[in-house]
Amino acid sequence: MQDNIFGTLITDELQLLHHRSHHSGLQHNYEITPQRPIPGRPVSLFATVGPELDAEEVICYYTLDGSQPTDSLNSIGSVVRMIKLTQISVDWDTLKWGYVETWRGEIPAQPEGTFVRYRIVSTKGGQNTAVADWPDPKYRQEMATRAHFSGLPSPAIVPTDPMIGKTFAYHVNRYRVPQWAQEAVIYQIFADRFHPGEGREWTQTTNLRDFCGGTLWGIRDRLDYVQELGATAIWLSPTWPSTSYHGYDITDYKAVSQRLGGMEAMKALVKEAHARGVKILLDLVANHTSSEHPYFREAYEKVDSPYRKHFLFDQSEIGYRTFFGVRSMPQVNLSNEAARKWMIDIARFWLDDFGVDGFRLDHANGPGPEFWAEFQLACKQVNSQSFCFGEVVEPPSDYKRYAGRVDGLLDFGFNDSIRRAYGYGSTTKEAFDLFLKRHLEFFADSGLLLPTFIDNHDLVRFLHIAGEDKSKLRAAAELQFALPGPPIVYYGTEVGMTERMVEDQSDQLVGCRAPMVWNEEQDQELFAFYQSLIAARREAKPWLQ
């Protein structure tokens with residue numbers, strides 16, 4: 001068995017689709033230099049034109065005030081500006097089996113604080129023929145991945161209008177990742193599975209697809225434990241009202257689930273954690289909502305609803321775009337200005353009214369770099385020391401597109417490699433050492449913080465894949481804590497929690513989410529080992545490397 005976390009790239013066929021999708025039609029894919037725009041330096045843009053498209057010109061329309069650019073020469077004026085890209089190469093692409101052109105243009109240097117939005121358009125005979133990125137590579141990958149894991153035929157891809165495309169953006173800044181985040185040890189807690197709190201017992205612990213009774217009160221009551229471990233920040237699983245135990249299908253973004261304790265419990269947890277010097281990070285799902293969210297319900301039922309454009313309705317079988325085809329998780333249309341403002345206002349609310357310290361951004365590659373550029377700008381305006389890090393399950397080469405748009409990205413490359421070498425034993429430790437050397441070199445000047453982890457809520461627990469061999473867990477943790485990126489410890493790993501065996505052995509999203517073990521069930525020697533790792537890390541300061 002191996003992990004499926006890189007699901008969109010898990011087979012040769014899916015890897016081939018990834019490549020072909022990014023070399024079809026007109027693609028930009030956020031390819032810019034420098035990847036993190038800074039004041040006083042021009043930005044080079046690159047676009048590829050695939051074998052299917054004949055482009056006589058490639059033009060970039062851009063604005064410098066954050067407004068939406070249009071795709072017409074007639075719009076050029078005081079707000080919308082234009083540059084023409086130059087074809088710099090024609091290359092044969094064997095995997096695409098055709099010739100692919102590369103075009104380059106340059107947006108002039110801008111001062112600190114400039115928010116640049118731009119669109120890239122191909123033309124022929126004086127008429128626009130496509131807007132990058134078309135066809136949408138992500139949509140094709142998601143549908144093919146869904147078919148792979150379901151065993152069903154890949155659904156027909158509904159043709160999209162080549163003139164829709166994307167709007168890209170970057171913010172010219174010199175933001176630095178907050179010092180506290182660089183030095184942090186982050187403890188990841190699945191809110192429903194940590195502790196009931198206030199003298200309560202678990203409601204049940206047998207059906208791991210149902211609520212077990214953990215609360216934010218319970219986390220507050222166990223802050224002594226978090227401090228004793230040495231963690232300095234807590235990453236909470238989604239705490240908003242939802243229809244599921246996991247919370248990734250949100251029905252109200254400005255409330256706290258009553259089963260977790262409601263708004264009062266969140267305020268109490270943040271206050272007590274801050275009094276102890278512990279930061280609180282929320283798990284924000286911007287890519288999709290629950291199908292029971294009032295905005296979606298109204299949009300689905302009324303074509304004239306003001307929320308209709310908050311989502312992506314189409315001619316597919318179910319009638320709208322979703323998170324990997326899951327009906328209960330409709331995708332938010334963050335290219336829509338009103339939807340963007342709605343989601344950014346949510347972030348401001350939790351930073352300002354509740355004083356949370358930042359967000360883990362679920363499925364951040366769904367909205368893509370353009371949205372996060374605006375999102376992070378808003379977060380920094382509320383709290384310059386806020387920390388936003390994303391979940392982007394893509395090749396490492398794609399990570400750099402997020403530089404300057406988020407503070408960091410979860411290090412899935414490290415996670416995949418160390419689990420293969422020290423957990424499954426499917427690669428050698430020598431191969432891991434070589435990977436890690438090159439991995440660190442690749443990201444050395446990226447400006448991205450890469451929090452590391454060896455297991456999480458979407459993976460079979462490391463101890464289980466290591467055959468319950470705690471020496472392998474210790475060896476992996478030692479490597480993790482020696483790296484510059486802040487280490488994340490998934491609740492229970494530090495006391496020897498392993499996979500809960502369930503009836504459906506193939507369901508890896510359940511067994512790793514069992515309720516936290518307490519008292520005599522905990523491996524105190526392993527706990528002391530993690531304490532020593534954290535203490536040694538503070539002494540060594542690897543984040544200064």
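The values are calculated or read from the model by the stated rules, or taken from the named source; none is laboratory data. Because the structure is predicted, anything quoted here is derived from the model rather than measured. Cβ coordinates were reconstructed from backbone atoms using ideal geometry, including for glycine residues, and neighbour counts include every protein chain displayed. These area figures cover heavy atoms from the full protein model, side chains too; ligands, DNA and RNA do not enter into them. Shrake-Rupley method; radii C 1.70, N 1.55, O 1.52, S 1.80 Å.
Whenever a residue of the stretch 466-495 is farther than 19 Å from ASP523 by Cβ, its partners that are open to solvent by 10 Å² or more (accessible area, probe 1.4 Å) and among the small types (Gly, Ala, Ser), lying with C-beta atoms within less than 8 angstrom and at least six residues away or across chains, give the pairs ALA482/ALA540.
Per the listing GLY126, GLY98, the residue uniquely open to solvent by 10 Å² or more (accessible area, probe 1.4 Å) and over 30 Å from LEU448 (Cα atoms) is GLY126. Report whether or not ALA338 is of a type in the set (Gly, Ala, Ser), open to solvent by less than 10 Å² (accessible area, probe 1.4 Å) and either part of a loop (DSSP other than H, G, I, E, B) or out of contact with any Gly (no Cβ under 6 Å at 6 or more places or on another chain) (or both). Spelling it out, it is not the case that ALA338 is of a type in the set (Gly, Ala, Ser), open to solvent by less than 10 Å² (accessible area, probe 1.4 Å) and either part of a loop (DSSP other than H, G, I, E, B) or out of contact with any Gly (no Cβ under 6 Å at 6 or more places or on another chain) (or both). Restricting attention to the stretch 447-475, the residues that are outside any helix (DSSP H, G or I), closer than 21 Å to SER532 by Cα and open to solvent by less than 30 Å² (accessible area, probe 1.4 Å) add up to 5. Condition check: surrounded by 14 or more Cβ atoms within 10 Å (Cβ to Cβ) and of a type in the set (D, E, K, R). Does GLU56 satisfy that? No.
The stretch 352-424 holds helices (runs of 4 or more DSSP H) entirely within its bounds, and those carrying 3 or more residues that are open to solvent by 10 Å² or more (accessible area, probe 1.4 Å) and within 17 Å of TYR175 (Cα to Cα) map to 369-382.
Does VAL90 fit the bill of being at pLDDT below 90 and either surrounded by fewer than 14 Cβ atoms within 10 Å (Cβ to Cβ) or more than 29 Å from ASP407 (Cβ to Cβ) (or both)? Considered against the rule, which asks whether it is at pLDDT below 90 and either surrounded by fewer than 14 Cβ atoms within 10 Å (Cβ to Cβ) or more than 29 Å from ASP407 (Cβ to Cβ) (or both), VAL90 comes out as no.
Would you call TYR248 closer than 30 Å to LYS541 by Cβ and among the hydroxyl-bearing types (Ser, Thr, Tyr)?
Spelling it out, it is not the case that TYR248 is closer than 30 Å to LYS541 by Cβ and among the hydroxyl-bearing types (Ser, Thr, Tyr).
Taking the condition open to solvent by less than 10 Å² (accessible area, probe 1.4 Å), in contact (Cβ under 8 Å) with a residue 40 or more places away in the chain and touching a strand residue (DSSP E or B) at 6+ places or on another chain (Cβ under 8 Å), does LEU223 pass? For LEU223, the condition - open to solvent by less than 10 Å² (accessible area, probe 1.4 Å), in contact (Cβ under 8 Å) with a residue 40 or more places away in the chain and touching a strand residue (DSSP E or B) at 6+ places or on another chain (Cβ under 8 Å) - is not met. Consider the stretch 168-214 and keep the residues that are touching a Pro at 6+ places or on another chain (Cβ under 6 Å) and of a type in the set (Ser, Thr, Tyr). The one that is nearest to ARG41 (Cα to Cα) is TYR170. Within the stretch 275-313, restricting attention to residues that are aliphatic (A, V, I, L, M) and in contact (Cβ under 8 Å) with a residue 24 or more places away in the chain, which residue is nearest to TYR248 (Cα to Cα)? Looking at residues that are aliphatic (A, V, I, L, M) and in contact (Cβ under 8 Å) with a residue 24 or more places away in the chain, I get VAL285. With respect to (1) modelled with pLDDT under 95; (2) closer than 27 Å to TRP92 by Cβ; (3) acidic (Asp, Glu), the lone exception for GLU57 is condition (1).
Rundown of residues vs (1) open to solvent by 50 Å² or more (accessible area, probe 1.4 Å); (2) modelled with pLDDT of 95 or more, yes/no style:
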| residue | (1), (2) |
| --- | --- |
| THR11 | no, no |
| HIS18 | no, no |
| ARG36 | yes, no |
| PRO42 | no, yes |
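Please count how many residues of the stretch 488-511 are at pLDDT below 95, hydrophobic (A, V, I, L, M, F, W, C) and not in a helix (DSSP H, G or I). Qualifying residue count, the stretch 488-511: 2.
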